[in-house]
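Chemist: My structure is below; once you've seen it, I'll send some questions.
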Amino acid sequence: MQATIAKATEFRGVGLHSGVAVRMDICPAPTGHGIVFERTDLPAGENRIPALWDRVVPSKLCTLIENDHGARVSTIEHIMAALAGTGIQNALIRIDAPEVPILDGSSAIFVSGILQAGIRVQDAELRAIRLKRPVEVREGEAVARLEPADHLEIDFHIDFTDAAIGRQEKALDMANGAFVRELMDSRTFCRQSDVDVMRQNGLALGGTYMNAVVVDGDKVLSPGGLRHKDEAVRHKMLDAMGDLALAGAPLLARYSGNRAGHAMTNKLLRALFAAPDAWEWEVCASDLECRLPGAGVAAYGPVNAPALIAVA
């Protein structure tokens, strides 16, 4: 069945790239609503933006959506991953600034807030998108691919010259709470040299060592080091989870990413929906529903993340 958040929950922080202070509330929404952002600082009637693949516009280093009136919200990938990972399909996200707060650089605080608020199952069937054949996009050495599977799987490969990251790969079956157990606390990462360039270009103005893993060669500059030795590839998987959620429904597919990023995953979704023979709708009966990413997550109860909340 479809699900929404049981009651509104609030998050406050700053935008990673803008540095602007922001308040964001995730609110319950009716069946069939989907995930929609509402810019409360913009005029009513022009301020709602559906979180869907065809609303994505080109942006450096994040996922940005825009409506027909020019209203935008950026850096949505971490909250989208948290919603997908907790099995929420319907929510109104009210936000008073153009960028989602970065918090600790992962999805953990979002997940904690969602689970504290609770998940409400709704009286409407849930449909999933089943892959019927592979779909792939390439750009240089970067590859993103979807192929048929009975539930969502994510397989990711990265290769960086910095020894603190290096070459990493990981594959996960995302069924039954794997996102919460394995990926939600993995933070965005970058190289110190990239930070310098971004700031020269007016980006990463809200970035600190406390909301990103910053590396320089073989050194991790962020206090406390890594949360996982393969935190970098885990975060890339987290990003992919959020970007795939812009399909608008759970995917029954295996996603493979090799040096892929936000733009590549959106390009892949565009290729998928441009090929009607590559997918079909499937109603989620009970045997399928239990294999979806958010299945059983509500039973976990609130995630204990006091240290993360203190950092934010």
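Chemist: Rg (Å, one decimal) plus Dmax (Å, integer) for the alpha carbons of the chain?
Modeler: Both quantities, over Cα of the chain: 18.1, 52 Å.
Chemist: Report the calculated FRET efficiency for Glu282 and Gln116 (r = Cβ-Cβ distance, R0 = 25 Å), to the nearest 0.05. Before the final figure, lay out the partial values.
Modeler: Working: r = 32 Å, r/R0 = 1.27.
Working from the Cβ atoms, E equals 0.20.
Chemist: Right, next: Return the distance in nm (one decimal) between the two label points of a simple spin-label model at Glu125 and Asp196, each offset 7 Å from Cα along Cα→Cβ.
Modeler: Between Glu125 and Asp196, the simple spin-label model gives 5.9 nm.
Chemist: Which Cα, out of Ala275, Ala263, Leu226, lies furthest along the positive dipole direction of the chain (beta carbon charges, K/R +1, D/E -1)?
Modeler: Value: Leu226.
Chemist: I'd like to check one number: the per residue accessible area of region 141-252, probe 1.4 Å, reported in Å² as a whole number.
Modeler: Averaged over the residues of region 141-252, the accessible area is 42 Å².
Chemist: Please give me the summed charge of the neighbours of Pro148: other residues whose Cβ is under 15 Å from its Cβ, Lys and Arg +1, Asp and Glu -1.
Modeler: Neighbourhood net charge equals -3.
Chemist: Cut-off 10 angstrom, C-alpha nodes, Gaussian network model of the chain. Which of Glu182, Glu141, Glu46 fluctuates the most?
Modeler: Between Glu182, Glu141, Glu46, it is Glu141 that shows the largest mean-square fluctuation.
Chemist: Give me the distance between the Cα centres of region 108-187 and region 222-294, rounded to whole Å.
Modeler: With region 108-187 and region 222-294 each reduced to a Cα centre, they are spaced 4 Å.
Chemist: Then there is this: Using just the helices of the chain, give the 222 nm mean residue ellipticity in deg cm²/dmol: DSSP H runs with n ≥ 4 each add -39,500 (n - 2.57), and the total is spread over all residues, rounded to 500. Working shown, then result.
Modeler: Details: 7 runs with 64 residues, N = 312.
Calculated from helices alone, the mean residue ellipticity at 222 nm is -6000 deg cm²/dmol.
Chemist: Output the peptides 35-41, 271-277 sorted from most to least packed, where packing is the average of other Cβ atoms within 10 Å over each peptide's residues.
Modeler: Top of the packing list down: 35-41, 271-277.
Chemist: Next up: Given 0.36 nm per residue, what is the gain on full extension from Glu66 to Ala6 after removing their alpha carbon distance, in nm?
Modeler: My answer for the length gained is 18.9 nm.
Chemist: Once you list every other residue whose beta carbon is under 9 Å from the beta carbon of Glu231, what net charge do they have if Lys and Arg are +1 and Asp and Glu are -1?
Modeler: +2
Chemist: Where Lys and Arg each count +1 and Asp and Glu each count -1, what net charge lies around Ser193 among other residues with Cβ under 10 Å from its Cβ?
Modeler: Value of the local net charge: -3.
Chemist: Sort 190-198, 1-9 for me by packing, meaning the mean count of neighbouring Cβ atoms within 10 Å per residue, highest on top.
Modeler: Highest mean packing first, the order is 1-9, 190-198.
Chemist: Roll a 1.4 angstrom probe over the protein heavy atoms and tell me the percent of accessible area of the chain that is carbon or sulfur.
Modeler: For the chain, the apolar C and S fraction of the accessible surface comes to 50 percent.
The values are calculated or read from the model by the stated rules, or taken from the named source; none is laboratory data. Just so it is clear, the model here is predicted, and its values are computed rather than measured. FYI the Cβ positions are ideal-geometry reconstructions off the backbone, even for glycines, and counts take in every protein chain you see. Calculation scope for accessible area: heavy atoms of the full protein, side chains included, ligands and nucleic acids excluded. Shrake-Rupley method; radii C 1.70, N 1.55, O 1.52, S 1.80 Å.
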